[in-house]
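One structure is given below, encoded as structure tokens.
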Amino acid sequence: MSVIEETNREELLSVPCVRPTQIAHIVLQTTRFAQMRAFYITLLNAEVPFEDKDACFLRYDEEHHRMVIVNTPDYGPVNRRASGMHHFTFTYATLGELLGNYERLTKVGIEPMWSINHGFTTSMYYYDPDGNILETQFDNMTSEEADAFMRGPYFSINPIGVDFDPALLLERYRQGVLLSELVQFKSAPCDPNAPQTRPDDVPEYDAAGALL
């Protein structure tokens, strides 16, 4: 076991505002163990460091596990109308990787149910086999820029964002459109005649960017 000795113990014990360094992992209980396992391995390009009949551990980076799927065949289904977690999110380092992952997933039948530019992120949301919502995103801004954006006039009237067409955004990315343009609201507008999907509990918002 490789650990670094902590020689400044009293100093560490007296840190006045101690904070975690990261969110380490997510654990999901499911009655659809095989389907959920396959979905998240595909979604995340994940490795399986350990699994048995009761649980499957997944990782995709330096962390020993980022997700655990727990087999709970006798539990009830996910209730989207109950209090609790709404969704969780995975961030990609580049817009190209986010869009490449979108394209890869569509080829195996995994389609986003909502694609929205939140201003500070370009985001695509998916339902997993149990109906949990997960988000994949690219950060359009630095934290400082996002702070300023959230204090701005548009966020006060539309804190949700503007929908986009992921296929069109992918096409424009391939065409070489500048990233500074692609991360803007209305950079890949949806077909107004096409049906739009989104979570059924999302409040009214400026989905087409008409108020911009």
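What pairs come out if I take residues in the stretch 175-188 that are in contact (Cβ under 8 Å) with a residue 24 or more places away in the chain and pair them with residues that are among the acidic types (Asp, Glu) and open to solvent by less than 100 Å² (accessible area, probe 1.4 Å) whose C-beta lies under 7 Å away, six or more apart or interchain? Between residues of the stretch 175-188 that are in contact (Cβ under 8 Å) with a residue 24 or more places away in the chain and residues that are among the acidic types (Asp, Glu) and open to solvent by less than 100 Å² (accessible area, probe 1.4 Å), the close pairs are SER187/GLU181; ALA188/ASP165.
Of everything in the stretch 24-81, what is part of a helix (DSSP H, G or I), surrounded by 13 or more Cβ atoms within 10 Å (Cβ to Cβ) and either among the hydrophobic types (A, V, I, L, M, F, W, C) or touching a strand residue (DSSP E or B) at 6+ places or on another chain (Cβ under 8 Å) (or both)? Give them in sequence order. Result: PHE33, MET36, ARG37, ALA38, PHE39, TYR40, ILE41, LEU43, LEU44.
Can you say whether LEU105 is crowded, with 19+ Cβ neighbours inside 10 Å, among the hydrophobic types (A, V, I, L, M, F, W, C) and either in a helix (DSSP H, G or I) or out of contact with any strand residue (DSSP E or B) (no Cβ under 6 Å at 6 or more places or on another chain) (or both), as far as the supplied structure shows? Explain how you work it out, then say what you get.
Values: crowded, with 19+ Cβ neighbours inside 10 Å: no; among the hydrophobic types (A, V, I, L, M, F, W, C): yes; either in a helix (DSSP H, G or I) or out of contact with any strand residue (DSSP E or B) (no Cβ under 6 Å at 6 or more places or on another chain) (or both): yes.
Answer is no for this residue.
Apart from one condition, LEU13 fits all of (1) aliphatic (A, V, I, L, M); (2) modelled with pLDDT under 95; (3) more than 19 Å from TYR125 (Cβ to Cβ); (4) surrounded by 12 or more Cβ atoms within 10 Å (Cβ to Cβ); the exception is (4).
Going residue by residue through the stretch 133-147, is there one that turns out to be loosely packed, with under 11 Cβ neighbours inside 10 Å and either within 12 Å of the chain's Cα centre (by Cα) or of a type outside the set (Asp, Glu) (or both)?
Filtering the stretch 133-147 down to residues loosely packed, with under 11 Cβ neighbours inside 10 Å leaves 142-144.
Now drop any that are not either within 12 Å of the chain's Cα centre (by Cα) or of a type outside the set (Asp, Glu) (or both), which leaves 142-143.
Checked the stretch 133-147: at least one residue is loosely packed, with under 11 Cβ neighbours inside 10 Å and either within 12 Å of the chain's Cα centre (by Cα) or of a type outside the set (Asp, Glu) (or both).
The residue list THR121, THR91 contains one member that is of a type in the set (Val, Ile, Thr), on the phi < 0 side of the Ramachandran plot and open to solvent by less than 20 Å² (accessible area, probe 1.4 Å), which is THR121. Here is the figure for the stretch 64-111: residues that are within 15 Å of the chain's Cα centre (by Cα), at pLDDT 95 or above and within 21 Å of PRO129 (Cβ to Cβ) total 11. TYR173 falls short on exactly one of the conditions (1) of a type outside the set (Lys, Arg); (2) buried (at least 17 other Cβ atoms within 10 Å of the Cβ); (3) part of a loop (DSSP other than H, G, I, E, B), and that condition is (3).
I need the full set of residues from the stretch 90-102 which are free of Cβ contacts under 8 Å to residues at least 60 places away in the same chain and in contact with a strand residue (DSSP E or B) (Cβ under 6 Å, 6 or more places away or on another chain), in order please. Result: PHE90, THR91, TYR92, LEU98. Of all residues in the stretch 75-89, those that are over 17 Å from THR31 (Cβ atoms) have Cβ atoms under 9 Å from Cβ atoms of residues that are among the polar types (S, T, N, Q) and assigned to a strand (DSSP E or B), 6 or more apart or on another chain, in THR89/THR121; THR89/SER123; THR89/THR136; THR89/GLN137.
Specify the residue that is least open to solvent (accessible area, probe 1.4 Å); the eligible residues are those in the stretch 148-167 that are of a type in the set (Gly, Ala, Ser) and part of a loop (DSSP other than H, G, I, E, B). Per the criteria, the residue is GLY161. Sub-7 Å Cβ pairs linking a first residue in the stretch 3-14 that is in a loop (DSSP other than H, G, I, E, B) to a second residue that is surrounded by 10 or more Cβ atoms within 10 Å (Cβ to Cβ), at least 6 apart or interchain, are GLU6/LEU12, ordered by first then second residue.
The values are calculated or read from the model by the stated rules, or taken from the named source; none is laboratory data. Because the structure is predicted, anything quoted here is derived from the model rather than measured. Please note: Cβ atoms are built from the backbone with ideal geometry, for glycine as well, and neighbour counts cover all protein chains shown. Remember, those area values only see protein heavy atoms, side chains included, never the ligands or the DNA or RNA. Shrake-Rupley method; radii C 1.70, N 1.55, O 1.52, S 1.80 Å.
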